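To keep things clear, I will list the structure first and then write my remarks on it.
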Amino acid sequence: MKRILITGGTVFVSKYAATWFSEKGYEVFVLNRGNHEQVPGVNVIKADRHQLGETLKNYHFDAVLDITAYNETDIKDLLDGLGSFDDYIFISSSAVYPETLEQPFKEEQEIGENKIWGAYGSDKGKAEKYLQLRVPDSYILRPPYLYGPMQNLYREPFVFECADKKRKFYIPKDGKMPLQFFHVEDLCRIMEIIIEKHPVFHVINVGNTEIIDINQYVELCYQAAGAKLEKVFVTNHPQQRDYFSFYEYSYQLEVEKQNQLIPKQKDLLEGLKESYCWYSLNKGSVVRKDYISFIDSNFK
């Protein structure tokens, strides 16, 4: 039984990973401040990653899954507080690629400021570089938009809510802006392969090989919710983030390295059905934004 440490373990990706690896038979430890309900069957280490002291010094972990680091200080403070470990896997972001680079983005391209993502992307990039200096054989994963059960961000849950309420859905422009997704289970599958097989490449773009557009995304969300879709195309409002979950920013990741590890990803409709099932039972866990009230005030 391999022993792994997961940072967080209480919200979306880290919570899903704690559940998934625990059910797979790993000995799972989660590091968080104990302010939220914990995943059953895991070992909880209640501490702040920035104030660890000697908390982790006597532990050895086969792998550290750092899912909640956003900047260099997050990485530094955890590394300073750790005892011994074999693998370190950092969930970074595709936001580290400047929007000016040629697409699809490749792992070999130079990372830097992305004007769409701002400090989020820049800080993730600095965290990557610091980690590579401290732990040269660490693994870095760069996902696009993550989705699936336990999704607390108002992305697919926003579309599901509109579907449940039998609302028309307001589509930015012609709805042909491409989107790339990745299911949290596929992310866990990649991390397990890293732990068990140690691939030779250490920076890996992860994401669905299939790219869809906004129209297809909304259609699949309504289908997952079992609802009939009526679209309204918004052509005269410049800021789509006022009424839609994604920035007006189209990008694509090259995922050839990932496909050597998991050639087939979860079917998007199947994944959205799983997400809708969880959402239906956990609507209070979603962090909502004012999209619906904005639509009702401005587009009707």
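Taking each residue of the range 215-232 that is closer than 17 Å to Gly271 by Cβ and looking for partners that are open to solvent by 60 Å² or more (accessible area, probe 1.4 Å) and among the charged types (D, E, K, R) with beta-carbon atoms closer than 6 Å, six or more apart or interchain, yields Ala224/Lys273. Being in contact with a strand residue (DSSP E or B) (Cβ under 9 Å, 6 or more places away or on another chain) and under 23 Å from Leu146 (Cβ atoms) is a property that does not hold for Leu52. When Pro238, Pro178, Pro172 are screened for being farther than 23 Å from Glu274 by Cα and either within 23 Å of the chain's Cα centre (by Cα) or open to solvent by less than 10 Å² (accessible area, probe 1.4 Å) (or both), only Pro172 passes.
Whether a residue is in contact with a Gly (Cβ under 7 Å, 6 or more places away or on another chain), under 19 Å from Trp278 (Cβ atoms) and open to solvent by less than 40 Å² (accessible area, probe 1.4 Å) was assessed, and Val39 passes this test. Collect the residues in the range 253-285 that are within 25 Å of Leu141 (Cα to Cα) and part of a loop (DSSP other than H, G, I, E, B), keeping them in residue-number order. Correct list: Glu254, Val255, Ile262, Pro263, Lys264, Gln265, Lys266, Asp267. Would you say Val255 is among the β-branched types (Val, Ile, Thr), surrounded by 17 or more Cβ atoms within 10 Å (Cβ to Cβ) and more than 14 Å from Leu146 (Cα to Cα)? In short, yes. Here Phe90, Phe12 are screened, and the one residue that is at pLDDT 95 or above, touching an Asp or Glu at 6+ places or on another chain (Cβ under 6 Å), under 25 Å from Gly121 (Cα atoms) and not hydroxyl-bearing (Ser, Thr, Tyr) is Phe90.
Residue check: is Ala17 open to solvent by less than 20 Å² (accessible area, probe 1.4 Å) and touching a Cys at 6+ places or on another chain (Cβ under 7 Å)? Spelling it out, Ala17 is indeed open to solvent by less than 20 Å² (accessible area, probe 1.4 Å) and touching a Cys at 6+ places or on another chain (Cβ under 7 Å).
Against the list (1) open to solvent by 20 Å² or more (accessible area, probe 1.4 Å); (2) in contact with a helix residue (DSSP H, G or I) (Cβ under 8 Å, 6 or more places away or on another chain), the condition Gly8 fails is (1). Within the range 50-61, the residues that satisfy the criterion of being surrounded by fewer than 17 Cβ atoms within 10 Å (Cβ to Cβ) and in a strand (DSSP E or B) are Lys57, Asn58, Tyr59, His60.
Only one of Ser297, Ser245, Ser293, Ser250 is modelled with pLDDT of 95 or more, assigned to a loop (DSSP other than H, G, I, E, B) and out of contact with any helix residue (DSSP H, G or I) (no Cβ under 9 Å at 6 or more places or on another chain). Can you tell me which?
That would be Ser250, the only listed residue that is modelled with pLDDT of 95 or more, assigned to a loop (DSSP other than H, G, I, E, B) and out of contact with any helix residue (DSSP H, G or I) (no Cβ under 9 Å at 6 or more places or on another chain).
Are there any strands (runs of 3 or more DSSP E) wholly within the range 75-164 with 3 or more residues that are over 25 Å from Glu210 (Cβ atoms) and open to solvent by 50 Å² or more (accessible area, probe 1.4 Å), and if so which? Filter on the range 75-164 gives 82-91.
The values are calculated or read from the model by the stated rules, or taken from the named source; none is laboratory data. Just so it is clear, the structure is predicted and the values come from calculations on it, not from any experiment. Note: ideal-geometry Cβ built from the backbone for every residue, glycine included; neighbour counts use all protein chains shown. Accessible surface is based on the protein model in full, side chains and every heavy atom, while ligands, DNA and RNA are left aside. Shrake-Rupley method; radii C 1.70, N 1.55, O 1.52, S 1.80 Å.
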